Amino acid sequence: MNRELRLIRAFVDLADTLGAHFDPIDLFTRLSAHCTGLLAVDAVGVMMADARGTLRAMTASADDLGRLDVFQVQQEQGPSVDCFRTGEPVTADDLREGVRWPDYTAHALEAGYVSVHVLPLRLDGQAIGAVSLANRHSDALPADDLVVAQGMSDVAALTLTHWPAEAKRPHDLLTSLQSAVSAKATVELAKGILSEHAGVSFTEALDLLRQYAEMQRLSLTAVARALAERTLSPDELLGGVPNRA
C-alpha cells in the first residue's frame, strides 16, 4: 500500500465516530499509531487539558515517553507544556545542545530520546493539548511530516467533540474534555490491573484492552470499566484475545 493511500485511510479512521469502539482514549491511541506508522518518529505521546486547563497525559506509544509526559505535568516544565501554553509548535532537534528544560532534558536523554517535536492539539485555533513526536536520534523532522502530524491532530481534536459521552448533559467542549479525562483514569486503572496480572508492560496491556474491545465491538472505556469493576476478569479478557488464551 503506497503512502498516499495509507494517509487517506489514517484521516478517515481518525474522523470515524460511528464505530462501537469509538472513545477518546482509543482515538488518541489511533492518532499515536498512525503517527508512528507514517512519520519518521520513534514514539508519540498525546496530552490534553481537562476542564480546568490542567494538562493530562492521555496516551503514549511507549511507556518511557508516557512517564516523561507525566513528569512534565508534575514539574510544569517541558516542550509539551510550552506548546500548550503558547499554542505554537515547539522544536528541539537535539536535546543535548540546550538547557531550555534542564530537568525534562535529563530524563529524556536517560530514556534514550535525543530530539522532540511538539505540535498543538487544537480546536478552532485554541490549544486543548499537545502531541509530542520523539526520536532516539538528533534530526529535524521533514516539513511534510510535521504538516501531516498537525493535520491528523486537528482531525482528532474535532472528532473528540463528537463523542457522545454524557447524553444527559449539554454537549460542549468542556464536557468532552472532562469526560475524556475521566475515561483516561478508568483505562489507567484497567491497564494496571492487567499489567500486574499478565506480567506485561502498560503499553502491552493497553494493546490487549484494545484488541478485546474491538473483538467484542465495545468501546475501550467500557471494557476498562468492566475490568475495574470486576464484572470482567483478567483471565476472561486474556482468553478472548487471539494468541493470549
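Over the Cα atoms of segment 202-245, the radius of gyration divided by the Kirkwood radius equals 0.91; this is the Rg/Rh ratio. Diffusion coefficient of segment 1-130 by Stokes-Einstein, Kirkwood radius over Cα pairs, 37 °C, 0.692 mPa s: 213 µm²/s.
For segment 79-221, a Kirkwood radius taken over Cα pairs fed into Stokes-Einstein (25 °C, viscosity 0.890 mPa s) yields D = 141 µm²/s.
Leaving out ligands, DNA and RNA, and with a 1.4 Å probe, what % of the accessible surface on the chain is carbon or sulfur? Before the final figure, lay out the partial values.
Values: 5900 of 11610 Å².
Here it works out to 51 percent.
Dividing the mean sequence gap of close Cα pairs (under 8 Å, 6+ apart) by how many residues the chain holds gives a relative contact order of 21 percent. Entry note, the chain: the mean residue ellipticity at 222 nm calculated from DSSP H runs of n ≥ 4, each adding -39500 (n - 2.57), is -17500 deg cm²/dmol after division by the residues and rounding to the nearest 500. Roughly how many nanometres apart are two label points built 7 Å out from the Cα toward the Cβ at Glu110 and Glu196? Going from the Glu110 label point to the Glu196 one covers 2.5 nm.
Using only the heavy atoms of the protein chains and a 1.4 Å probe, how would Thr91, Thr231, Thr161 rank by accessible area, largest first? Numbers along the way, then the final one.
Working: Thr91 75, Thr231 100, Thr161 30 Å².
Final ranking, largest accessible area leading: Thr231, Thr91, Thr161.
A Förster radius of 30 Å combined with the Cβ-Cβ distance from Leu5 to Arg136 puts the calculated FRET efficiency at roughly 0.60. Accessible surface computed residue by residue for the chain, with neighbouring protein chains in place and a 1.4 Å probe, gives 47 Å² per residue. Across the options Ser201, Leu68, Val223, the greatest Cα extent toward the positive end of the charge dipole of the chain (unit charges at beta carbon of Lys, Arg, Asp, Glu) belongs to Val223. Volume per residue for the chain equals 131 cubic angstrom (convex hull of Cα atoms).
The values are calculated or read from the model by the stated rules, or taken from the named source; none is laboratory data. Owing to the predicted nature of the structure, the values given are computational and were not obtained by experimental measurement. Glycine also receives a Cβ, built like all others from the backbone with ideal geometry; neighbour counts cover every protein chain displayed. Side chains are part of the model used for accessible areas, which takes the heavy atoms of the whole protein and leaves out ligands, DNA and RNA. Shrake-Rupley method; radii C 1.70, N 1.55, O 1.52, S 1.80 Å.
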